[in-house]
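Following: one structure in structure tokens, then a few remarks.
None of the figures in this text is laboratory data; all of them are computed from the coordinates on show. Computed from a predicted model, the values in this text were never measured in an experiment. With ideal geometry, Cβ positions are generated from the backbone for all residues, glycine too; neighbour counts draw on all protein chains shown.
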């Protein structure tokens, strides 16, 4: 997996979902320690590594290798 979401700092803002041109993310069911629902990677094979998710994340919780 080359898309990493730091679940400890993600606030579930959904910007990665909205900005991803290839629908790589969706809201998950997992809640982090702060009580936020964390998005999950569902279509990593569609990822073009454009890094829009990484660039738009206000908490710097996403890293694309």
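Of note:
- Those residues of segment 8-46 which are buried (at least 18 other Cβ atoms within 10 Å of the Cβ) and touching a strand residue (DSSP E or B) at 6+ places or on another chain (Cβ under 7 Å), in sequence order: 10, 12, 16, 24, 25, 38, 39, 41
- Every residue from segment 47-65 that is surrounded by 15 or more Cβ atoms within 10 Å (Cβ to Cβ) and touching a residue at least 24 places away in the same chain (Cβ under 8 Å): 47, 52, 53, 57, 61, 62, 64
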